[in-house]
Amino acid sequence: MQTISYSKYLRAALFVLIGATGLSRPASAQYRGPISAVAPSFSLDTPTAYENTPFTPSVEHMYQPWGDLLKKWNKKGIGLVFDYTSESALALDGGNAGDAGYAHQIGAELDIDWERLIGWKGFRSHAVVVNRAGHNMATDFGDRSLNGFQEIYGGGGNVGVKLVYVYGTQDLLGGRVQIAFGKMSVNTDFSASPLYCTFMNKSICGNPKSLTRGDSGYGTYPGSTYGTRVRVWPLHGVYAQFGLYGTNPDLSSNAYDRSGWNFSTNRYTGMYIPVEVGLIPSFGPHNLVGHYKLGVAYDTANYADNLYDVDGGFLALTHRSARQDNGKTQLWIEGDQMLVRNGSGPLHGLYVMAGLVRNTPQSSPYLYRYYAGFVDRGPVPWRPKDTFGIIMTRATASPDLVATQRIDYALGKKLPANATYPQSHLTVLEVSYNIHACEGLSIQPDFQRIMRPNLQRNKASIDALGLKIHAVF
């Protein structure tokens, strides 16, 4: 296995983290952190606050008597969330003008605070099931890469009742240490931000998808594997966490179980080991909060090499089996910072966000994924719960994979990675405006421009209009 040096990225990120620790607010600050209004389950354990998050997400309800009843149940230790999300897209050009797609998710979430219920101090449990159905319009354009106009369909759609996760968390030392264990998704904890699902495209919503597509050990919602995660808060606004998760290359596929109810480990091939450190500083009298994180992960499983065969020859020339590389590494550096506060709520302000992900090029289809954008909650005073977002993301193909594709293309052979032309990079520009229609209901018009679909320069850019609807019952 070839070794990759990450030292320059680590040094730069650690300098930022260490330098900012002196700017964090004192322990009396009780900032809750940004909560995703359109993906509430992501707000459970994502460390976006100065302390571990409450046992159930705080959401609005369309039917207020039901919401009032749930608040009473919350006090007794029972949390329930039922929601519906639909995402529709219409292509304006790109060779398939007029093409359209619809996808939806119906979710049910059960959270239990066992301390309130039976007196088990510090223990909480979480479970989510979903129904997903529809059609991903990106496949109509031959794009089976990171791009997807409708993120809500991914991860094994068209399943009646899919188990997303079921796990427990135990707080220790007054909440300074938390241990999670069970059937878990990696992206609810690592390289996570509730700001991601401000957007509808699969490239960023949930997590930067080059992590998921770059390593099958990074199990993502709505998939999960057996795992554990330990989080420690050594200082106010500073956390460190690490985890151990089973690597299942067939997760959410027919080879294992798309429904999530398979509890066996017979398809596991290794262990995914992520480590992340984070900083949550705040600045000035308006409490301008930021969230910064640096993470690295190692997967112990074997992966097929992109360029070489078992004897060290070029795959495209020898037609032999690919060499198996032991282990794979991923790195992520991400952050968001509130620049202007628009109100007292945790999301009420203008955020700038940016990040970079790097994969092992020898055995991953992607080398880099980077993104930058803005999210503004309450952009106009008379619409305090509306949200505006604009983001640009880019993914670059592994140079080793591209080398194989170029040889195959010159020889007239079928190319790997679902490509019909040697790949290079994919760029997505997305602009969204989330309209808070009423309590528990948001309507989100969306525009996306996809440049080089499937990372291929021979594919025309696609402009598409989208509409996302989210309702909490």
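The values are calculated or read from the model by the stated rules, or taken from the named source; none is laboratory data. Because the structure is a prediction, the values reported are computed rather than measured. All Cβ positions, even for glycine, are placed from backbone atoms using ideal geometry, and neighbour counts span all protein chains on display. Quick note on the areas: whole protein, heavy atoms, side chains included, nothing else; ligands and nucleic acids left out. Shrake-Rupley method; radii C 1.70, N 1.55, O 1.52, S 1.80 Å.
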* Could you list, in sequence order, all residues of segment 134-191 that are under 22 Å from residue 332 (Cα atoms), among the hydroxyl-bearing types (Ser, Thr, Tyr) and touching a residue at least 40 places away in the same chain (Cβ under 8 Å)? => 145, 188, 191
* **segment 251-275 residues that are without any contact (Cβ under 8 Å) to a residue 40 or more places away in the chain, paired with ones that are open to solvent by less than 30 Å² (accessible area, probe 1.4 Å) and in a loop (DSSP other than H, G, I, E, B) (beta carbon under 7 Å, 6 or more apart)** => 251/219; 251/223; 256/248; 262/256; 267/248; 267/256
* Out of 107, 94, report the one residue that is in contact with a Ser or Thr (Cβ under 8 Å, 6 or more places away or on another chain), surrounded by 16 or more Cβ atoms within 10 Å (Cβ to Cβ) and more than 22 Å from residue 261 (Cα to Cα). => 94
* Unmet criterion (only one of (1) among the aromatic types (Phe, Trp, Tyr); (2) closer than 21 Å to residue 363 by Cα; (3) open to solvent by 30 Å² or more (accessible area, probe 1.4 Å)) for residue 272 -> (3)
* For segment 336-367, enumerate the residues that are surrounded by fewer than 21 Cβ atoms within 10 Å (Cβ to Cβ) and either over 21 Å from the mean Cα position of the chain (by Cα) or touching a residue at least 24 places away in the same chain (Cβ under 8 Å) (or both). => 337, 339, 340, 341, 342, 343, 344, 345, 346, 348, 350, 356
* Single residue of segment 155-175 satisfying the filter (open to solvent by less than 20 Å² (accessible area, probe 1.4 Å) and within 18 Å of the chain's Cα centre (by Cα)) that is nearest to residue 415 (Cα to Cα) -> 156
* To do: Determine if segment 221-234 includes at least one residue that is among the hydroxyl-bearing types (Ser, Thr, Tyr) and touching a Leu at 6+ places or on another chain (Cβ under 7 Å).
  => yes
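Select from segment 321-339 the residues that are closer than 20 Å to residue 385 by Cβ and at pLDDT below 95 and list them in ascending order.
Looking only at segment 321-339, we keep the residues that are closer than 20 Å to residue 385 by Cβ, and these are 336, 338-339.
Listed by number, the residues that qualify are 336, 338.
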* In segment 452-470, how many are open to solvent by 10 Å² or more (accessible area, probe 1.4 Å) and of a type in the set (A, V, I, L, M)? -> 4
* **Cβ-Cβ under 6 Å pairs, at least 6 apart or on other chains, segment 73-90 side on the phi < 0 side of the Ramachandran plot, far side aliphatic (A, V, I, L, M) and open to solvent by 60 Å² or more (accessible area, probe 1.4 Å)** => 84/106; 88/467; 90/465
* Picking from 152, 112, which residue would you name as being open to solvent by less than 20 Å² (accessible area, probe 1.4 Å) and among the hydrophobic types (A, V, I, L, M, F, W, C)? -> 152
